[in-house]
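Trainee: Shown below is the structure under consideration.
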Amino acid sequence: MDLDISKFDDYLLANNLSNQTRISYLRTINNFLVETKKKQSDIIIDDIKNFQLWCIKDRKYESNSLIPIYSAINKFIDYLDGENINTNLLAKHNKLFKLKPPKKIIKNKTPLTVDEMKKLFQTSKGNLKDHAIINTLYYSQIRNQELVNLNLEDIDFERGKIRVNHGKGNQYREVNIHPDALKSIQEYLRVRGPRNPGEKALFLNSYGKRLGKTGLHHLLSKWGSIACINKKIYPHLFRTSSITHMNDAGATLPQIMAQSGHKDVDTLVNHYIRSSEKHNKEVYLRTLSMNDDEKPTEISLNPAINIKSEMPKTNEDKYIALLEKGLIGKDEFMALMGISNNKQSHPMFG
């Protein structure tokens, strides 16, 4: 039995898959080969279908768990075909057989309210590392793997930027980071300690090594309990919450996409933005008011997380608000306003 998948590993590396995805695919294919008990060159379509049934009936995987498994199998089929290792996986019309992934189930992601975020900020102040992690997750909108991958050199204090390494799709990007988060990181760095001087990771565990995803989940759940928040607290919830709060504060979709790294508007709107009932009601009252004698209800946001309490009335007001809060830089501001590189041409730079 041929269980050597080192060449498949090389194939994944050559296709620039992230380390996390590569390890997941290798684990799946190893399980597949163990179940089929065949050499890679002898695999037929029925073997793949039987493994599919094994995952569904015997292991009882849910739809969301099946998606990466099917992706791994399909990538393995591409590898076998491309390397001319197997000619048995051809279906009708000379097309490769592929597993159709199930539809992803989007679970309800009720974001944290502004008050709940304030509680988390307040209760975690005594633990400088955890406080910095909570600030970084919320203000940067990065994913959990992106946070644990952060290195010391990725924080640009002068420009107010974070370099995101090995993000989704193994890509690199820069995102804004709020001054409050930068301050919390600076305070944490004073106590970070040189237990392992060569360790480049920004956030460390109790052993002085890079913080892992399990440790990240544990500490966030702990602070959720301490703050008496009656919700499951997990890393991605901070991303959803921050995106929702930006939207409630009047940020445009392109501005939110630039910060969050989303490329698909539908994904952002349908899966991330969860405006609160209070916000929706206030917008409803403000936009449909026919009574000229009464001032429409204004949206009141908590200034504790540094978002303007009054909705900007024009695009210029929105851009100025984002500039003042460090969410965009001067060059981005000028590009959005359509003004020249001469900073004196706008009163903001006078």
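Trainee: Where Lys and Arg each count +1 and Asp and Glu each count -1, what net charge lies around ASP156 among other residues with Cβ under 12 Å from its Cβ?
Mentor: Counting the neighbours of ASP156, the net charge comes to -1.
Trainee: Rank-order 15-21, 159-165 by packing density, defined as the average count of other C-beta atoms within 10 Å over each peptide's residues, highest first.
Mentor: With the highest mean Cβ count within 10 Å placed first, the list reads 159-165, 15-21.
Trainee: Can you give the convex hull volume per residue for the Cα atoms of the range 114-235, as a whole number of Å³?
Mentor: Cα convex hull per residue, to the nearest whole number: 107 Å³.
Trainee: Which pairs, out of LYS57/LYS231; LYS38/LYS75; LYS103/LYS129, put more than 30 Å between their alpha-carbon atoms? Could you put the intermediate results ahead of the total?
Mentor: Details: LYS57/LYS231 32 Å; LYS38/LYS75 18 Å; LYS103/LYS129 38 Å.
Result: LYS57/LYS231; LYS103/LYS129 exceed 30 Å.
Trainee: Which far-off residues, 5 or more places away or on another chain, put their amide H under 5 Å from the one on ARG173, with H placed in the peptide plane?
Mentor: Distant-sequence amide H within range of ARG173: VAL164.
Trainee: To make sure I understand, if each residue's beta carbon is the centre and we count other beta carbons within 10 Å, what order do PHE238, PHE51 fall in, fewest to most? Numbers along the way, then the final one.
Mentor: Details: PHE238 28, PHE51 20.
Starting with the residue having the fewest Cβ neighbours, the order is PHE51, PHE238.
Trainee: Output the peptides 74-84, 224-234, 54-64 sorted from most to least packed, where packing is the average of other Cβ atoms within 10 Å over each peptide's residues. Each step should come with its number before you reach the end.
Mentor: Values: 74-84: 16.6, 224-234: 14.1, 54-64: 12.5.
By packing density, highest mean first, the sequence is 74-84, 224-234, 54-64.
Trainee: Going highest first, how would you order 248-258, 182-192 by mean Cβ packing within 10 Å? Spell out each step's value before the answer.
Mentor: Numbers: 248-258: 18.5, 182-192: 16.7.
My ranking of the peptides, most packed first, is 248-258, 182-192.
Trainee: Moving on to the next point. Normalised by the number of residues in the range 6-94, what is the relative contact order in percent for Cα pairs under 8 Å and 6+ residues apart?
Mentor: Details: 52 pairs, mean separation 34.3, N = 89.
After rounding, I find 39 percent.
Trainee: Against the globular-protein guess of 2.2 N^0.38 Å, express the Cα radius of gyration of the range 1-134 as a ratio, rounded to two decimals.
Mentor: Expressed relative to 2.2 N^0.38 Å, the Cα Rg reads 1.45.
Trainee: Apply the Karplus curve 6.51 cos²θ - 1.76 cosθ + 1.60, θ = phi - 60°, to the phi angles in the range 66-82 and return the couplings in whole Hz, x for Gly and Pro.
Mentor: 6, 4, x, 5, 5, 4, 5, 4, 5, 5, 5, 5, 4, 5, 4, 6, x
Trainee: Quick check: from the Cα gyration tensor, does the range 163-228 come out rounded (a/c under 1.5), prolate or oblate?
Mentor: Rounded is the answer for the range 163-228, as its axis ratio a/c remains below 1.5.
Trainee: Calculate the FRET efficiency for LYS7 and ILE44 from the Cβ-Cβ distance with a Förster distance of 25 Å, rounded to the nearest 0.05. Walk me through the numbers before you get to the answer.
Mentor: Numbers: r = 20 Å, r/R0 = 0.81.
The calculated FRET efficiency here is 0.80.
Trainee: While we're on this one: Can you give me the relative contact order of the range 114-235 as a percent, contacts being Cα pairs under 8 Å and 6 or more apart? Working shown, then result.
Mentor: Values: 154 pairs, mean separation 33.3, N = 122.
The value is 27 percent.
Values quoted throughout were computed directly from the atomic coordinates according to the rules given, and no laboratory measurement underlies them. Note that the coordinates shown come from a computational prediction; the quantities given were computed from them, not determined experimentally. Reconstructed Cβ throughout: ideal geometry from the backbone, glycine too, with neighbour counts over all protein chains shown.
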